[in-house]
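Report on the structure given below.
The values are calculated or read from the model by the stated rules, or taken from the named source; none is laboratory data. Here the structure is a predicted model, which means the values were calculated and not measured. A quick note on method: Cβ atoms are made from the backbone with ideal geometry, for glycine too, and the neighbour counts reach across all protein chains shown.
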Amino acid sequence: MNLLLNHLYIVSTPIGNLDDITLRALEVLKKSDIILCEDTRRSIKLLNHYKIKKKLVSYHKFNEKKKLASIIEYFNEGKILSLISDAGTPLLSDPGRLLVNTCIENSIKVTPVPGVSSITSALSVSGFSDKFLFYGFLPKTENELEKVLSTLSKSDLTQIFFIPSQKLNFYIKNFKKFYSERKILIAKEITKIHETFIRDQINDLKIFKNVIKGELTVVISENDTKIIKFDEVKIVNKIKRYLKTYSLKDTVNLILETEDINKKKVYNLCLKIKNEKNY
């Protein structure tokens, strides 16, 4: 495979298991003149594993503006550059957007070399809808977090977040405020030795007594309950009236014809009233 000169390759790397790298990614890294790394100390482990010896340049959120001019100069010299992050696909909650936009402005071609991502990996084992919203790292302060979740929770889509493990309980407390009827998957150390998946209803999720170590990807299910605020007293009175004449099944269907409520919620309410014979 021949790489193009004056070219930036966005290369996905493993998120834990070093075997999770594509043949194309290895080929691109081997043929690059320079590899831009978020943390050279972490990237060197991957590169040494595959016996790739290349010039590494540190490129992260604290120096990306400072390094930009020298990186563009490499392109002017006809160099082939690859950008990798510490793990997964660059630019997804990782630095690189400034560089990519600068390359586009300077007619430097940018090519993706796709691979593993904790986002799609967690979603694939969640069992939730594949129509999803990815936010990345959530705010760390309560006020900012509440503002963000207040907006995001209005979406019925599956939602994916990155959160620091040491603040898991803080986020669980806030998830309960805004996503109480949804399900959650907490994915820990995906593809690593201690890979763990915790599944629960958000309302039922208990506070963790011990700090969970490792990197966490959180997936919150789509809103399939169709929670609509309704006048419960009015609905209960309707159910009582219908149950005097109709079967449980017919009563449920009659309520659903006139009220925009989740079927399961209506059924449970009808069943409760019928069992109590309170009509």
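How many residues are assigned by TED's automatic domain parsing to the domain that holds Gly96 and free of Cβ contacts under 8 Å to residues at least 40 places away in the same chain if we restrict to the stretch 1-50?
The number of residues fulfilling the criteria is 15.
Of the conditions (1) within 27 Å of the chain's Cα centre (by Cα); (2) at pLDDT below 95, Gly78 fails just one. Which one is it?
(1)
Can you tell me which residue is farthest from the chain's Cα centre (by Cα) among those in the stretch 133-159 that are in contact (Cβ under 8 Å) with a residue 60 or more places away in the chain and part of a strand (DSSP E or B)?
Thr158
Tell me, please, whether a residue that is aliphatic (A, V, I, L, M), at pLDDT 95 or above, closer than 30 Å to Asn63 by Cβ and not assigned by TED's automatic domain parsing to the domain that holds Leu26 can be found in the stretch 126-141. It would help to see each step written out before you state the result.
Keep residues of the stretch 126-141 that are aliphatic (A, V, I, L, M), which gives 133, 138.
The next check asks that each one be at pLDDT 95 or above; those that pass are 133, 138.
When the remaining residues are screened for being closer than 30 Å to Asn63 by Cβ, the result is 138.
If we keep only those that are not assigned by TED's automatic domain parsing to the domain that holds Leu26 too, we end up with 138.
Within the stretch 126-141 (the criterion being aliphatic (A, V, I, L, M), at pLDDT 95 or above, closer than 30 Å to Asn63 by Cβ and not assigned by TED's automatic domain parsing to the domain that holds Leu26), the answer is yes, since at least one residue qualifies.
Checking Tyr179 against (1) under 27 Å from Ile15 (Cα atoms); (2) buried (at least 18 other Cβ atoms within 10 Å of the Cβ); (3) in contact with a helix residue (DSSP H, G or I) (Cβ under 7 Å, 6 or more places away or on another chain), which test does it fail?
Just one mismatch for Tyr179, condition (1).
Would you point out which residue out of Val110, Val100 is modelled with pLDDT of 95 or more, touching a Cys at 6+ places or on another chain (Cβ under 9 Å) and not aromatic (Phe, Trp, Tyr)?
Matching residue, one of Val110, Val100: Val110.
Of the residues Val211, Val236, which single one is within 29 Å of Leu149 (Cα to Cα), in contact (Cβ under 8 Å) with a residue 12 or more places away in the chain and not assigned by TED's automatic domain parsing to the domain that holds Asn17? If you could, list the steps in order and put the result at the bottom.
Working: Val236 fails: within 29 Å of Leu149 (Cα to Cα).
Answer to the selection: Val211.
Here are Glu181, Glu215: which of them is at pLDDT below 90 and within 14 Å of the chain's Cα centre (by Cα)?
The match here is Glu215.
If you take just the helices (runs of 4 or more DSSP H) that sit entirely in the stretch 180-279, which of them hold at least 2 residues that are more than 28 Å from Gln159 (Cβ to Cβ), in contact with a strand residue (DSSP E or B) (Cβ under 7 Å, 6 or more places away or on another chain) and of a type in the set (Lys, Arg)? Even if it seems obvious, please write down each step before you answer.
On the way: elements: 232-243, 248-258, 263-276.
Where helices (runs of 4 or more DSSP H) fall fully within the stretch 180-279, none carries at least 2 residues being more than 28 Å from Gln159 (Cβ to Cβ), in contact with a strand residue (DSSP E or B) (Cβ under 7 Å, 6 or more places away or on another chain) and of a type in the set (Lys, Arg).
Considering each residue of the stretch 29-42, count those that are under 17 Å from Met1 (Cβ atoms) and either polar (S, T, N, Q) or surrounded by fewer than 22 Cβ atoms within 10 Å (Cβ to Cβ) (or both), and give that number. Write out each step before concluding.
Of all residues in the stretch 29-42, those under 17 Å from Met1 (Cβ atoms) come to 29-33, 35.
Pick out the ones that are also either polar (S, T, N, Q) or surrounded by fewer than 22 Cβ atoms within 10 Å (Cβ to Cβ) (or both) and you get 30-33.
Result for the stretch 29-42: 4.
Among the numbered criteria (1) at pLDDT 95 or above; (2) within 18 Å of Thr111 (Cβ to Cβ), which one does Asn48 miss?
Result: Asn48 passes all but (2).
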